[in-house]
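The values are calculated or read from the model by the stated rules, or taken from the named source; none is laboratory data. Computed from a prediction, not measured in an experiment: that's the story for all the values here. Glycine gets a Cβ as well: all are built from the backbone with ideal geometry, and neighbour counts include every protein chain shown.
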Amino acid sequence: MKKWSFALSVVGVACMMLGAAWVASLLNGKSSGEVLQNSLSGQNNTGVISFSLPSGLYEEGTDISLAADAEDIFYTLDGSEPTEQSTRYTAPLQISDTTVIRAAAKLEDGTLTPPYMQTYLTEPNDLPVISVAAEPEDLWSEEKGIYVEGPGASDEYPYEGANYWMDWKITVQMEYLKNQESVYSSLADMEIFGGETRTKPQRSFMIDAESEYGNSELLYPFFDSLPYSSYESIILRNGGQDFEKTHMLDALVSTLAAEIGLDAQVYQPVVLYLNGAYWGLYDLRERIDHHYFSRHHQVKRDDLVLLEADAEEKEGSDESYIGMIAYIQSNDPAEPEVYRVIEEEMDVENFIDYILTELYIGNTDWPSHNIRFWKNTNPETKWKWIVYDSDVSFQDATENTVQRFYDYKGKGDDKLYSSYLFRELLKNEQFRERFKERSEELYSSTLSSDHIEAVIERLAADIRPEMVRHLEKWDGDTGKWEAEVQALKSFARERNDYITQHIDELLNQYQQGGS
């Protein structure tokens, strides 16, 4: 048996001394400075590959050596999984640019170990980095590449039939680096994510943990503001419809919504590398699915009801919501007793906060889209609303979104939309008084001009250094980006006067006996 050894160096000796600890971290499914491969759990140490340097930031020209108690080591530099047809390791590899090395050891029985992965960066990153390695043909081939249009795309926008519209998943190896050091790595599934933003040159992804790879969860606390140490899936968002503008608008709205106490997706800006190629800035987000409610609200999937738009079922049955609407249709919410029954079915305070937030931001995709509400099947729980996908907002500070929402009828049974609830609840004096009172509270605090401007600048400062590279990658312009950030601030400075006026105009209709 051959034993490939390190090029003798201080680093190589240190790596050999730490080998036992590294192997222990592998078998325990924990991250280390060398490598993590969840699928190795339960295997013996034979064939475990050591790298002379861990993933991280290095100067161009750095040599990387590999070693293993194995017949041979095979490696790739293009993201593909190593096979016996891959390059056989014989000498240290010199890093000339950001590089992903995937390596597998050939054991005595002729089998190959699962692939090991290390990411060597040659450019510093202030933000966390997600490095993804995948078979190139799974990304780029006309026949099966998830990122390309492929042969079936229509000629007209949004190019239906394109590969990136297909429900295809590919196997990837991903690594998460923080402060230039690897903190987590795993095999996972990856797919293109989102709606029409799939047509953007930079596409969104969803990364899913799969039990067949060793873990049913991604075992890392990706979001510092949350107490959770694992996630079933994460989303790499391209900024949505804000892709060509600030790349942070949805993050801004989600941040404000969370401060108010509404359910929203936490945000972490990250940098993505695909097979070693810089792929720009992404928004790392939680996914709003049954796992989200299990984490945040301790609601089991069987007990969850999650609806959207006109009560379309995402999880559970719409029966409870339909029943509430039917009660409102056959009773007068202006009556105190009827209003009390409604309060037992829906969280009115939550609804008010949600509506005031959406009215302020002026989301033009709302309320026909991007509206979700949920409850536990426990009869004592109440309907609550979720803020998400708000990247078409902060457009026109003068727009009367209050009247737009009030007038919205939707398609089909318009009574299933939340705008119907709003119109009916406005018949009740107690609701109108609380709606007005809460608007004054929110628009002078979390949704005040000064506070929103401060949040905008904080978020912009977090990504401003990275936007230079990102915009170079995607043919953008830093001057235009700065102008778009200033446009958000201008909206914040102007919005409160208009939204307050529009709310007063609507409420005055009821004081004058209108409806």
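Remarks
- Inter-residue pairs, beta-carbon under 7 Å, first touching a residue at least 12 places away in the same chain (Cβ under 8 Å) and among the β-branched types (Val, Ile, Thr) and in region 273-292, second in a strand (DSSP E or B) and surrounded by 22 or more Cβ atoms within 10 Å (Cβ to Cβ), 6+ apart: 288/386
- Filtered by the rule that a residue be aliphatic (A, V, I, L, M) and in contact with a Leu (Cβ under 7 Å, 6 or more places away or on another chain), region 140-172 gives a lone residue, 146.
- Sole exception among (1) closer than 30 Å to residue 122 by Cα; (2) crowded, with 21+ Cβ neighbours inside 10 Å for residue 278, by number: (2)
- Looking across region 194-228, the residues that are within 17 Å of residue 174 (Cβ to Cβ), polar (S, T, N, Q) and surrounded by fewer than 17 Cβ atoms within 10 Å (Cβ to Cβ) come down to 211, 216.
- Verdict on residue 442 being crowded, with 17+ Cβ neighbours inside 10 Å and under 29 Å from the mean Cα position of the chain (by Cα): yes
- Filtering region 317-337 to residues that are free of Cβ contacts under 8 Å to residues at least 40 places away in the same chain, farther than 24 Å from residue 386 by Cα and either touching a helix residue (DSSP H, G or I) at 6+ places or on another chain (Cβ under 9 Å) or not assigned by TED's automatic domain parsing to the domain that holds residue 417 (or both) leaves only 331.
- Complete set of residues in region 286-316 that are in contact with a helix residue (DSSP H, G or I) (Cβ under 8 Å, 6 or more places away or on another chain), within 30 Å of residue 462 (Cβ to Cβ) and not in a helix (DSSP H, G or I): 286
- Residue 470 vs. criteria in a helix (DSSP H, G or I) and touching a strand residue (DSSP E or B) at 6+ places or on another chain (Cβ under 7 Å): yes
Results for (1) in contact with a strand residue (DSSP E or B) (Cβ under 8 Å, 6 or more places away or on another chain); (2) farther than 28 Å from residue 212 by Cβ; (3) among the polar types (S, T, N, Q); (4) touching a residue at least 40 places away in the same chain (Cβ under 8 Å), shown as yes or no for each residue.
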{"site": "146", "(1), (2), (3), (4)": "yes, no, no, yes"}
{"site": "151", "(1), (2), (3), (4)": "no, yes, no, no"}
{"site": "155", "(1), (2), (3), (4)": "no, yes, no, no"}
{"site": "158", "(1), (2), (3), (4)": "no, yes, no, yes"}
{"site": "168", "(1), (2), (3), (4)": "yes, no, no, no"}
{"site": "176", "(1), (2), (3), (4)": "yes, no, no, yes"}
{"site": "184", "(1), (2), (3), (4)": "yes, no, no, yes"}
{"site": "190", "(1), (2), (3), (4)": "yes, no, no, yes"}
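- The lone exception for residue 428 - which of (1) in contact with an Asp or Glu (Cβ under 9 Å, 6 or more places away or on another chain); (2) farther than 21 Å from residue 354 by Cα it fails: (2)
- Residue within region 85-93 that is within 20 Å of residue 187 (Cα to Cα), in contact with a strand residue (DSSP E or B) (Cβ under 9 Å, 6 or more places away or on another chain) and in contact (Cβ under 8 Å) with a residue 60 or more places away in the chain present: no
- Residues that are closer than 19 Å to residue 241 by Cβ and of a type outside the set (A, V, I, L, M, F, W, C) number at least 3 in the following helices (runs of 4 or more DSSP H) confined to region 348-462: 348-361.
- From the list 360, 406, the lone residue that is of a type in the set (Phe, Trp, Tyr) and either farther than 17 Å from residue 309 by Cα or touching a Gly at 6+ places or on another chain (Cβ under 8 Å) (or both) is 360.
- Number of the condition not met by residue 69 [criteria: (1) surrounded by fewer than 22 Cβ atoms within 10 Å (Cβ to Cβ); (2) at pLDDT 95 or above; (3) over 33 Å from the mean Cα position of the chain (by Cα); (4) farther than 20 Å from residue 134 by Cβ]: (2)
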